Amino acid sequence: MSESPSVVARAAALLRALSGRTASGASTTRVAEEAGLPRATAHRLLESLAAEGLVDRDARSGLWFLGPETYVLGMASAARYDLTEEARGSVLRLARETGESAFFSVRRGDETVVLLREDGDFPIRSYVLHEGARFPLGVASAGIAILAHLPGGQAEDYLRRTDLVRRWGDAYTAVSLRERLAATRAHGWALNPGLIVEGSWGMAAAVFDRAGVPGWALTLTGIESRFRPDRQESLGRLLLEEAHRLTRSVR
């Protein structure tokens, strides 16, 4: 019995790694690296997951993908957890009204996962985010918006136990993050001024569940010149309007 949690955690890590590569797939070596597992262990678990339909391997390329059973399970849980259908309208309106790329993300533990993307008509786009992309809380603007509004001392607990500097750089020290979280609480929306990729900016607003806990976020991304201070207020207002609309649909 003591082995079971470890096996489950490893299998979950593989599934999460593949969920970020829904279109391209991943080799055994790559998915093992992203899941933090030895290649032999990853291969053995992937074969077991494939037998259950949770992953699938392309016979020609040898690449792994999420399997059909994950779709079935996702559909079964959608009624309780999914806001995607309601969010489609918000994402589409944001893209049309701003010309930027709009996204809808969900919180999963200490990460955000992009579920929807809609591109506006502005010809230059940022491709930092894509459907299935995962980021730790506090890295992308969606994760900043969610982290800023967590109840109680959850945000501080997260900052104390998480080291974002090693992977994401000096812009993600606890001091810097606290400043961005304070600014987010003051404005209502979060700003990421090109910290992931230089010149690619993002703004986000949190969407709350029935208990008042942030569980999702709406995001706009684009090039720096489209996110100047004089435009941030109007973009933030649009984000908050759509975020409030979605929050009301949950309640």
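The values are calculated or read from the model by the stated rules, or taken from the named source; none is laboratory data. Predicted model only: the values in this text are computed from it and were never measured. Every residue, glycine as well, gets a Cβ built from its backbone with ideal geometry; the counts of neighbours run over all protein chains shown. Each accessible area value is taken on the protein alone, full model and side chains, heavy atoms only, with ligands, DNA and RNA left out. Shrake-Rupley method; radii C 1.70, N 1.55, O 1.52, S 1.80 Å.
Summary table below
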{"item": "Nearest-20 debye value, the stretch 166-251 charge dipole, Cβ charges on Lys, Arg, Asp, Glu", "result": "300"}
{"item": "Modelled FRET efficiency - R0 45 Å, Ala40 with Tyr127, Cβ distances, 0.05 increments", "result": "0.85"}
{"item": "Cα-based shape type of the stretch 146-251, given that a ≥ b ≥ c are square roots of the gyration tensor eigenvalues and the cut on a/c is 1.5", "result": "oblate"}
{"item": "Inter-label distance, nm, simple model (7 Å from Cα along the C-beta direction), Ala23/Trp168", "result": "2.3"}
{"item": "Å² per residue, accessible surface of the stretch 36-168 at 1.4 Å", "result": "54"}
{"item": "Solvent-accessible area, 1.4 Å probe, carbon plus sulfur percent, for the chain", "result": "52"}
{"item": "Value of [θ]222 nm, deg cm²/dmol, for the chain, DSSP H segments ≥ 4, -39500 (n - 2.57) each, nearest 500", "result": "-15000 deg cm²/dmol"}
{"item": "Rounded tilt (10° steps) of 39-51 against the dominant C-alpha axis of the chain", "result": "90"}
